[in-house]
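Data block below; observations after.
Throughout, read-outs are computed from the coordinates displayed, never taken from laboratory work. Keep in mind that this is a model prediction, so the values were computed, not measured. Cβ sites come from the backbone with ideal geometry, for glycine too, and all protein chains shown count toward neighbours.
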Amino acid sequence: MRALIPVAGEGTRLRPHTYTVPKVLLNVAGKPILGHILDGILAANITELTIIIGHLGDRIREYVTTYYPSLNVEFIEQKERLGLGHAIYSARTTLNATPTLIILGDTIFDANLKRMIESTYSQIGVKHVDNPKRFGIVETENGFITKMIEKPENPLSTLAIVGIYFIKNTLTLIESLDFLIRNDIKTRGEYQLTDALQIMVERGEKMCPFLIDGWYDCGKPETLLATNHFLLTRQAHNTYREGCVIKPPTFIAPTAIIEHAILGPNVTIADGAIVRNSIIQNSIINASATVENALLNNSIVGNNAIVRGMYKCMNIGDSSELEIT
Ligand code: UTP
């Protein structure tokens, strides 16, 4: 059993943060997104892991080897970003006939991984959604998947593929990816994992939908903040700071300096950050950032960034988002 995490993407929807920090290392509820995923993998007793890196890959390698030394990780570089199917194919040399658990690097799950990986058949993580046209969709019959299709025009099901896959026959997956790439079969310009899985279904692979209740996307600023909120409500934190009002749920790293502030709810303050004379809610303040004399809501402040006297003077970099309401 090996886990596979593709994290090569550029995270364009989370710019400007992802210009300098890989998406999976963005902090959510006091820890990088990837840290939450790796904790889940360790809890399921999986220790063999392939991480597919690309954009800012060295930062990811450094984080994993420093903080997760007990994991036996192989890093594979996806040299061109040609889609998720291509990313998995790039890592084929690290796979073998044993089953594979694929988890997308920008999604945190609240799922019973142990139950998933003990299944007799391949399992595709799914959730009912209101807007199936935006997702890869599975169609089912008698509990088995009959069709998988990426962003269909006329979806016949509301079961969306959420980014966690337990593949029983890894070699069949590699053959299907190989078929896609050799025949240059792309959907929306990319080699799609969904298309390879559809080929597996056509070749007789038995796959079942695996309902996931907790599915927390981190791919966009608003979903990252919503995930921050959800994860904070799950954990209790000691947030007392003298002279401050802290409304739970809030996470404050022990090394952060907080003075004359009203923080929360739904706030993460990372290591070394400084917050003074400010009111902050629904926000993530990253490591060593400084926020002074500011009123922030629904905000993400990058590592080492400075927000000071926000309504008076601003020095905002390329591709920043600023909304004053
Ligand atoms: P996304 O398309 O959601 O992530 O892929 P992205 O490309 O990083 O973000 P945007 O769309 O530009 O904002 C889901 C996961 O698959 C990985 C990504 O790193 C992410 O973890 N991925 C995607 C790859 O590793 N390689 C690819 O070619 C495509």
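Numbers below:
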read-out: Rh by Kirkwood over Cα pairs, then Stokes-Einstein D for the chain at 1.002 mPa s and 20 °C, µm²/s; value: 103
read-out: Segment Asn72-Thr12, extension gain: residue separation times 0.36 nm, minus the distance between their alpha carbons; value: 18.6 nm
read-out: Efficiency of FRET between Leu171 and Lys247 - r from beta-carbon atoms, R0 56 angstrom, step 0.05; value: 0.60
read-out: Length added when fully stretched, Thr140-Tyr19, from 0.36 nm per residue minus Cα-Cα; value: 39.5 nm
read-out: For the chain: relative contact order, % (alpha-carbon pairs under 8 angstrom, 6 or more apart); value: 15
read-out: The range 66-166 - percent relative contact order, Cα under 8 Å, separation 6 or more; value: 28
read-out: The range 177-237 versus the range 138-170: alpha-carbon centroid distance in Å; value: 10
read-out: Cα→Cβ-extended label distance, 7 Å offset, between Glu62 and Asp110, nm; value: 3.4
read-out: Within-12-Å neighbourhood charge of Val138 [Cβ basis; K, R +1; D, E -1]; value: -1
read-out: Label point 7 Å beyond Cα of Ser119 along Cβ direction - residues of the range 209-241 with amide nitrogen under 14 Å; value: 209-213
read-out: Restraint check, Lys79/Lys151; Lys147/Lys220; Lys151/Lys186, Cα-Cα greater than 18 Å; value: Lys79/Lys151; Lys147/Lys220
read-out: Relative contact order of the range 146-297, pairs being alpha-carbon contacts under 8 Å that are 6 or more residues apart, as %; value: 13
read-out: Added length on full extension, which subtracts the Cα-Cα distance from 0.36 nm per residue, Ala236 to Arg81; value: 51.9 nm
read-out: Summed side-chain charge close to Leu180 - residues other than Leu180 whose Cβ falls under 9 Å, Lys, Arg +1, Asp, Glu -1; value: -1
read-out: Burial order of peptide ranges 71-80, 15-24 (average beta-carbon count within 10 Å, highest first); value: 15-24, 71-80
